[in-house]
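Asker: Sending over a structure as structure tokens; questions will come in a sec.
The values are calculated or read from the model by the stated rules, or taken from the named source; none is laboratory data. Keep in mind it's a predicted model, so treat the numbers as computed, not measured. Here the Cβ positions follow ideal geometry from the backbone for every residue, glycine too, while neighbour counts run over all protein chains shown.
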């Protein structure tokens, strides 16, 4: 990743709490990168699970591809000096990157919206971006740049031409959203949903709620929190918002929601809601997208954008690959392989039942990761849901397959309708010979399971 902005080595040291080891304070830096393959003014080495960016400092200095490097390790002074490069020592290069992102963000005053939640973050962010872009030049983070590397790089794209920004914030551990919110300082925050995700690290759904609510710590009193009233742990969100002095605007299907549809309609090509007598049709599939659309309408309302303006903007939405993407061939495949957790799995299965009636319906599921000690229980629950919704077959891959199967059989699905495969290749081969014209197949699994390989194989 790379971002362009203007700063000196002296400012970098001051902002990050670092100490200049060589090169002086007057080195002018016009861009920053964490990728050693990209020439840049400033190189910030990040330490990951399988790599250490410090390993590339010597090569970069000697190549002349950087003016200045940051480091949290000693021993590079002579290398930098001999190459004529600047070198700044800091305690933590990841925190230094975040400090630079926050420093740059504070130079500008766009209408800043932060988005977090267990499910729906990316789609909701994209919908909000469309709505805000109808009124302002609007910045957003792209791809999966929603973490402590991606967010500061996104913020560094800001300049005085942007009237708004919408920043998605992801997490795995407690404390991460708080650090991101400290960089972003949102005027508006959206919490899309709370559910079982990252339980391996957080332990309970309640702890997930507290972790997502860390976004409030970056907000000033009187700012607006937009929350899904239908989600688990809404009471925690509501209480913490009050404690922080925030104005809460709720959305959902619950009668108590402030932004709720007068009616809605679902099809395989679109989701339609009627809000304040305005018909808003978005080319998105799935019941869960009602909530994503309502979240965007709530942001529109906060920003002074009318439902008519919002409807026009949202009609041009283009779906993000791997998120409930419908692919037609001889049969219909719903590619929902970007990621998976219990809540998103239930959403995906329910949507199949909502839209595809009178057709044979099947689910090809792989493991849901990061569920900790509750993993078996949640896989059983999803299996139960498949059987309860009368799916015509269940195809499984991964270490947790038997738990899906146990759940489905418990609610009455015949064992003959459940097949567990040793490999994705075996699953794909079976599906290609088994599926018939008119059948509908949902394919879903956590990112690491790479179930898109199944999709790519069976829709060739």
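Asker: Would you be able to tell me the number of residues in the stretch 440-460 that are more than 25 Å from residue 357 (Cβ to Cβ), assigned to a helix (DSSP H, G or I) and either over 19 Å from the mean Cα position of the chain (by Cα) or free of Cβ contacts under 8 Å to residues at least 24 places away in the same chain (or both)?
Answerer: So the answer is 3.
Asker: Hey, could you check the stretch 44-71 for residues that are touching a strand residue (DSSP E or B) at 6+ places or on another chain (Cβ under 7 Å) and assigned to a loop (DSSP other than H, G, I, E, B) and say which is nearest to residue 152 (Cα to Cα)?
Answerer: 44
Asker: Right, another one. Looking for something out of contact with any strand residue (DSSP E or B) (no Cβ under 7 Å at 6 or more places or on another chain) and under 24 Å from residue 151 (Cα atoms) - is there at least one such residue anywhere in the stretch 17-28?
Answerer: Yes: one or more hits.
Asker: Can you pull out the residues in the stretch 425-439 that are under 18 Å from residue 366 (Cβ atoms) and either in contact with a strand residue (DSSP E or B) (Cβ under 6 Å, 6 or more places away or on another chain) or in a loop (DSSP other than H, G, I, E, B) (or both)?
Answerer: 427, 435
Asker: Every residue in the stretch 18-41 that is exposed (fewer than 14 other Cβ atoms within 10 Å of the Cβ) and over 30 Å from the mean Cα position of the chain (by Cα), please.
Answerer: Scanning the stretch 18-41 gives 19, 24, 26, 28.
Asker: If you don't mind, there's one more thing I want to ask. Among the residues of the stretch 100-117, is there at least one that is in the same structural domain as residue 296 (by TED's automatic domain parsing), in contact (Cβ under 8 Å) with a residue 60 or more places away in the chain, part of a loop (DSSP other than H, G, I, E, B) and closer than 30 Å to residue 324 by Cα?
Answerer: Yes, there is a match, as at least one residue in the stretch 100-117 is in the same structural domain as residue 296 (by TED's automatic domain parsing), in contact (Cβ under 8 Å) with a residue 60 or more places away in the chain, part of a loop (DSSP other than H, G, I, E, B) and closer than 30 Å to residue 324 by Cα.
Asker: Moving on. Please determine whether any residue of the stretch 288-297 is in the same structural domain as residue 115 (by TED's automatic domain parsing), at negative phi and surrounded by fewer than 17 Cβ atoms within 10 Å (Cβ to Cβ).
Answerer: no
Asker: Kindly list the number of the only condition in (1) within 24 Å of residue 230 (Cβ to Cβ); (2) buried (at least 18 other Cβ atoms within 10 Å of the Cβ) that fails for residue 364.
Answerer: (1)
Asker: Within the stretch 272-300, can you find the residues that are over 17 Å from residue 125 (Cβ atoms) and not in a loop (DSSP other than H, G, I, E, B)?
Answerer: Scanning the stretch 272-300 gives 272, 273, 274, 275, 278, 279, 280, 281.
Asker: Would you point out the residue of the stretch 126-155, among those that are part of a helix (DSSP H, G or I) and over 16 Å from residue 185 (Cα atoms), that is nearest to the chain's Cα centre (by Cα)?
Answerer: Filtering first and then ranking leaves 126.
Asker: Based on what the data block shows, is residue 271 more than 22 Å from residue 141 (Cα to Cα) and either in contact with a helix residue (DSSP H, G or I) (Cβ under 6 Å, 6 or more places away or on another chain) or modelled with pLDDT under 95 (or both)?
Answerer: Yes.
Asker: Name every residue in the stretch 72-94 that is in a helix (DSSP H, G or I), touching a residue at least 40 places away in the same chain (Cβ under 8 Å) and crowded, with 16+ Cβ neighbours inside 10 Å, in order of residue number.
Answerer: The answer is 80, 93, 94.
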